[in-house]
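To keep things clear, I will list the structure first and then write my remarks on it.
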Amino acid sequence: MTRTSPPVVSVLRSRHTAYLLFTSLLGRLPGAMAALAIVQLVRSTSGDFGFAGLITAVYVVAGAVGQPLLGRLIDRLGQVAILALSGILSFLAFTGMALTLEPLPGLAVALAAAAGVFTPPLEPALRALWPRLVSPGPQLKAAFSLDAGAQEIIFIIGPLLTVVGIAVFGPVGNLLFAAGLGLIGALAFIVNPAPRAASAHRSSRDAAHPGIRSPILMPAVARVAVFTFGIGVPVGALTIVATASEAARDSDGLAGWILAVNAAGALVGATVVGIRPLGSTPARLLTVCGLLLAVGYLPLVATGLPTWAYVVVAGVSGLMLPPTLGQVFERISQLSPAAALTEANGWVVSAMTLGIGAGTLVAGAIVGAAGTSVVAWVVLGASALTALLSLSVLPRRASVTE
């Protein structure tokens with residue numbers, strides 16, 4: 001009897017997939033390194049944490065704006081040209097920011113915005129390629145889950161690389177190091193034949209479908225973007241919850257453990273659905289996955305748990321993130337026209353980024369005003385919002401079988 005390989009294994013064995021996944025993750029590293037790198041650079045110069053927060057927020061918001069815009073350009077002009085140009089411009093903007101931060105802080109803020117706007121949209125670019133690289137059905141589901149799980153790896157590696165980069169290159173050199181990794185990843189990604197083939201295919205496709213409108217104007221795509229914003233909120237709030245828990249328990253390093261174990265839980269979730277993809281359609285599963293993700297964060301309400309148990313439930317809260325994101329990516333690939341798929345993926349990337357930012361901002365404001373005693377209410381509020389926005393993608397009668 002022939003043993004069939006798990007779908008995730010067959011995905012990694014498919015031509016180009018492992019290379020594209022690796023180079024995409026390499027190119028995305030600045031997104032996981034930049035926030036800490038910028039804060040540490042400001043700390044080494046002016047030491048103004050308010051300014052550090054401002055310039056970091058400008059970078060993050062600009063990145064959320066840039067992803068769908070660059071995605072739309074990719075859909076029109078192809079991956080190779082846009083990824084190469086945006087990679088170079090983002091690298092130059094990072095370099096300028098690092099060099100002008102102390103003498104010209106206003107210019108540094110503008111360059112931080114440019115670095116964010118021109119962040120190469122490798123995440124949506126890869127997701128637009130998955131339907132071309134693997135077979136529909138279990139393989140495609142596994143590819144999207146693998147992509148979501150691999151994303152967790154860079155948010156574990158990114159901060160560690162920042163620590164190493166600062167030790168080796170100093171705060172300024174570390175920011176250039178992060179930017180250089182992003183540029184290398186983007187250029188390595190487009191060397192592969194698959195992005196070039198997609199760019200060549202785009203020309204004939206555009207001739208057949210001229211003037212296609214932005215996918216975010218499609219109600220179904222917009223609802224998925226709103227849903228994705230919702231699942232980002234508790235992810236962002238967790239940073240504040242972890243920090244507040246560390247302070248309340250007077251346990252140095254606890255926040256790092258909570259976040260690391262949460263990411264490890266997400267990797268476990270990604271592995272499970274990579275081996276055994278969820279059987280139903282994304283149209284049916286999105287709301288269920290969103291509700292389960294919201295429920296998974298609720299044990300963090302029990303702030304009186306022993307420290308070890310609290311760290312364990314942080315891992316449980318991460319389990320559903322990759323399966324949920326996998327459904328998002330697959331649903332977007334179903335809803336968006338092929339000629340606008342990169343832009344559509346760019347919108348959900350931006351929605352997730354804004355959700356994480358909103359969760360961190362609001363949770364930080366609440367804990368800052370009321371103290372660590374309100375952590376349970378922060379978790380409840382974030383989970384409730386996720387559950388509420390999960391209802392926005394309940395399948396309509398006419399579209400259940402889409």
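The values are calculated or read from the model by the stated rules, or taken from the named source; none is laboratory data. The structure presented is a predicted model; accordingly, all values stated were derived computationally and were not measured. So basically every Cβ, Gly included, is an ideal-geometry build from the backbone, and we count neighbours across all protein chains shown.
Some points to look at:
- Residue check for residue 296: in the same structural domain as residue 239 (by TED's automatic domain parsing) and within 14 Å of residue 242 (Cα to Cα): no
- Residue count for segment 1-27, restricted to those that are of a type in the set (Ser, Thr, Tyr) and at pLDDT below 85: 5.
- When each of 337, 299 is tested for being over 28 Å from residue 73 (Cβ atoms) and not small (Gly, Ala, Ser), the lone residue that passes is 299.
- Residue match in segment 199-220 (condition: at pLDDT 80 or above, among the small types (Gly, Ala, Ser), out of contact with any Asp or Glu (no Cβ under 7 Å at 6 or more places or on another chain) and not assigned by TED's automatic domain parsing to the domain that holds residue 23): yes
- A single member of 266, 255, 270 is of a type in the set (Gly, Ala, Ser), out of contact with any Lys or Arg (no Cβ under 6 Å at 6 or more places or on another chain) and farther than 24 Å from residue 6 by Cβ, and it is 255.
- Positions within segment 312-331 being over 27 Å from residue 141 (Cβ atoms) and either surrounded by 20 or more Cβ atoms within 10 Å (Cβ to Cβ) or touching a His at 6+ places or on another chain (Cβ under 6 Å) (or both), in sequence order: 313
- Taken over segment 314-333, the criterion of being hydroxyl-bearing (Ser, Thr, Tyr) and within 13 Å of the chain's Cα centre (by Cα) is satisfied by 324 alone.
- Test for residue 222: is it crowded, with 19+ Cβ neighbours inside 10 Å and in contact with a helix residue (DSSP H, G or I) (Cβ under 9 Å, 6 or more places away or on another chain): no
- Residue 103 closer than 27 Å to residue 141 by Cα and assigned by TED's automatic domain parsing to the domain that holds residue 129: no
- Subset of segment 284-317 [in contact with a Leu (Cβ under 8 Å, 6 or more places away or on another chain) and small (Gly, Ala, Ser)]: 290, 296, 314, 317
- Residue in segment 250-273 that is among the charged types (D, E, K, R), crowded, with 19+ Cβ neighbours inside 10 Å and either part of a helix (DSSP H, G or I) or in the same structural domain as residue 371 (by TED's automatic domain parsing) (or both) present: no
- Segment 66-83, residues that are among the aliphatic types (A, V, I, L, M) and in contact with a helix residue (DSSP H, G or I) (Cβ under 6 Å, 6 or more places away or on another chain): 70, 73, 74, 80, 82, 83
- Unique residue being surrounded by 21 or more Cβ atoms within 10 Å (Cβ to Cβ), within 30 Å of residue 44 (Cβ to Cβ) and modelled with pLDDT of 95 or more when the list is 158, 185, 230, 165: 185
- Test set (1) among the aliphatic types (A, V, I, L, M); (2) under 22 Å from the mean Cα position of the chain (by Cα); (3) not in a loop (DSSP other than H, G, I, E, B) - residue 278 fails condition number: (3)
Residue-by-condition table, conditions (1) buried (at least 19 other Cβ atoms within 10 Å of the Cβ); (2) in contact (Cβ under 8 Å) with a residue 40 or more places away in the chain; (3) farther than 25 Å from residue 45 by Cα; (4) more than 18 Å from the chain's Cα centre (by Cα):
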site: 98; (1), (2), (3), (4): yes, yes, no, yes
site: 126; (1), (2), (3), (4): yes, yes, yes, no
site: 134; (1), (2), (3), (4): yes, yes, yes, yes
site: 151; (1), (2), (3), (4): yes, yes, yes, no
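- Taken together, the residues in segment 153-188 that are closer than 30 Å to residue 12 by Cβ, free of Cβ contacts under 8 Å to residues at least 60 places away in the same chain and not aliphatic (A, V, I, L, M) amount to 1.
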